[in-house]
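*Asks:* Next up is a structure, given as structure tokens.
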Amino acid sequence: MPNSSMIDITHRPRRNRKNAAVRNLVQENTVTVNDLIYPLFLIEGKNKKSEVHSMPGIFRRSSDLLLKEIEECMNLGIMTFDVFPGLSEKLKDKKATESLNEKGLYLSTLREVKKRFPEALIMTDVAMDPYSSDGHDGFVKNGEILNDETLEILAKMAVAQAEAGADIIGPSDMMDGRVGYIREALDDNGFSNVSIMSYTAKYASAFYGPFRDALDSAPKFGDKKTYQMNPANSKEALLEADLDFNEGADFLMVKPALSYLDVIKLLNDNFNIPIAAYNVSGEYAMVKAAAAKGWIDGDRVRNEILLSMKRAGASVILTYFAKEFAKSIK
Ligand code: PBG
């Protein structure tokens, strides 16, 4: 065995890994609670809470319990929440009319949340699917998802959400021209301070399965491939990002995140606004399922996955892991 000094190696990267202190000193990326947005599922009723079977640890909650959950999360340092409503079938129609109902579940709850927690940041979802009898994100006619007819509906929805107190509007519909259309409607109605986090590169993904279970929001026919992107494409993500940036988006989101880290990096390298990664329901479910079987260490895998998103260039991560992550570092 030669003495290590006998071998002439100029760079020994292991020197910067020799103990925890030096590893921490040179660590390039860190996930903090400040980076996270916690998605929450809202349902009708009082004192109601049901676990999403494909997302262990994630619950649908009635508004009273949702408020409690937000309070608990804020005590853990989470400040931003993305609320998704699950409505009963009888409230759904072709034009997503219920999305404008001020006294309805979603808008009345948002108002309540903002009143109770004015310092929290509330993000809302703009798309027709929770309210649509067709289960699509856009307006359907003769089996087709119509683009321009949808924009008017989305813009009204966004304004109604802003009126209810939304701080960040999240258009998740993937219609062409929606960011500019929504920006103009918000500005015209006095909401120039309300931000838009655009679902810029939203792929037609099988990773959304558990979310659609949670809200019973799967499309009633067909799939979402005429508006959500083909998972094979990245140039197209640049095109979408260009459009959203120029139409006034404040954040560009990539969704899903884990299988699209290259797209996160691509957008971060090319645009000077924050990039968000949506660590979606199926990504959460995979980790939970494998951890439950004892096949992986779920906590460590979770941390590694969140870190990979930061490393790829996301400054914001929407994740169902937010609460357990916040607990783990408390
Ligand atoms: C609705 C919407 C979806 C998600 C966020 N907003 C589902 C879809 O497009 O079908 C998915 C979130 C997740 O899987 O965690 N437009």
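*Asks:* Looking for something outside any helix (DSSP H, G or I) and within 15 Å of the ligand (Cβ to nearest atom) - is there at least one such residue anywhere in region 279-292?
*Replies:* Yes.
*Asks:* Related question: Against the condition over 28 Å from ASN193 (Cα atoms) and more than 18 Å from the chain's Cα centre (by Cα), how does ALA285 come out, does it pass?
*Replies:* For ALA285, the condition - over 28 Å from ASN193 (Cα atoms) and more than 18 Å from the chain's Cα centre (by Cα) - is not met.
*Asks:* A further question follows. Does at least one position in region 103-125 carry a residue that is surrounded by fewer than 13 Cβ atoms within 10 Å (Cβ to Cβ), over 25 Å from GLU283 (Cβ atoms), over 22 Å from the mean Cα position of the chain (by Cα) and touching a residue at least 24 places away in the same chain (Cβ under 8 Å)?
*Replies:* Scanning region 103-125 turns up at least one residue that is surrounded by fewer than 13 Cβ atoms within 10 Å (Cβ to Cβ), over 25 Å from GLU283 (Cβ atoms), over 22 Å from the mean Cα position of the chain (by Cα) and touching a residue at least 24 places away in the same chain (Cβ under 8 Å).
*Asks:* Collect the residues in region 208-237 that are in a helix (DSSP H, G or I) and basic (Lys, Arg), keeping them in residue-number order.
*Replies:* ARG212, LYS235
*Asks:* Right, another one. Need at least 1 residues that are among the hydrophobic types (A, V, I, L, M, F, W, C), in contact (Cβ under 8 Å) with a residue 24 or more places away in the chain and in contact with an Asp or Glu (Cβ under 7 Å, 6 or more places away or on another chain) per element, so show me which strands (runs of 3 or more DSSP E) inside region 1-84 make the cut, counting only ones lying wholly within it.
*Replies:* Once the strands (runs of 3 or more DSSP E) in region 1-84 are filtered for at least 1 residues that are among the hydrophobic types (A, V, I, L, M, F, W, C), in contact (Cβ under 8 Å) with a residue 24 or more places away in the chain and in contact with an Asp or Glu (Cβ under 7 Å, 6 or more places away or on another chain), what remains is 36-43.
*Asks:* What is the residue count in region 157-182 for residues that are more than 16 Å from ASP137 (Cα to Cα), touching a strand residue (DSSP E or B) at 6+ places or on another chain (Cβ under 6 Å) and in a helix (DSSP H, G or I)?
*Replies:* 1
*Asks:* For region 238-272, which residues satisfy the criterion of being buried (at least 17 other Cβ atoms within 10 Å of the Cβ) and assigned to a loop (DSSP other than H, G, I, E, B)?
*Replies:* Once the filter is applied, which keeps residues that are buried (at least 17 other Cβ atoms within 10 Å of the Cβ) and assigned to a loop (DSSP other than H, G, I, E, B), region 238-272 yields GLU247, ALA249, ASP250, PRO256, ALA257, PHE271.
*Asks:* Could you tell me which numbered condition LYS220 fails, if it satisfies all but one of (1) at pLDDT 95 or above; (2) surrounded by fewer than 19 Cβ atoms within 10 Å (Cβ to Cβ); (3) of a type in the set (Lys, Arg); (4) within 14 Å of the ligand (Cβ to nearest atom)?
*Replies:* (1)
*Asks:* So which of LEU306, LEU266, LEU238, LEU258 ends up being more than 20 Å from ARG212 (Cα to Cα), under 15 Å from the mean Cα position of the chain (by Cα) and in contact (Cβ under 8 Å) with a residue 12 or more places away in the chain? Write out each step before concluding.
*Replies:* Working: LEU266 fails: under 15 Å from the mean Cα position of the chain (by Cα); LEU238 fails: under 15 Å from the mean Cα position of the chain (by Cα); LEU258 fails: more than 20 Å from ARG212 (Cα to Cα).
One residue alone meets the criteria, LEU306.
*Asks:* Just to be sure before I move on: is ALA214 among the small types (Gly, Ala, Ser), near the ligand (Cβ under 9 Å from one of its atoms) and within 28 Å of LYS49 (Cα to Cα) in the structure I sent?
*Replies:* So ALA214 fits the description; yes.
*Asks:* Can you give me the number of residues within region 196-217 that are surrounded by fewer than 22 Cβ atoms within 10 Å (Cβ to Cβ), touching a strand residue (DSSP E or B) at 6+ places or on another chain (Cβ under 7 Å) and modelled with pLDDT of 95 or more?
*Replies:* So the count comes out to 1.
The values are calculated or read from the model by the stated rules, or taken from the named source; none is laboratory data. In this text, all values refer to a predicted model and were calculated from it rather than measured experimentally. So basically every Cβ, Gly included, is an ideal-geometry build from the backbone, and we count neighbours across all protein chains shown.
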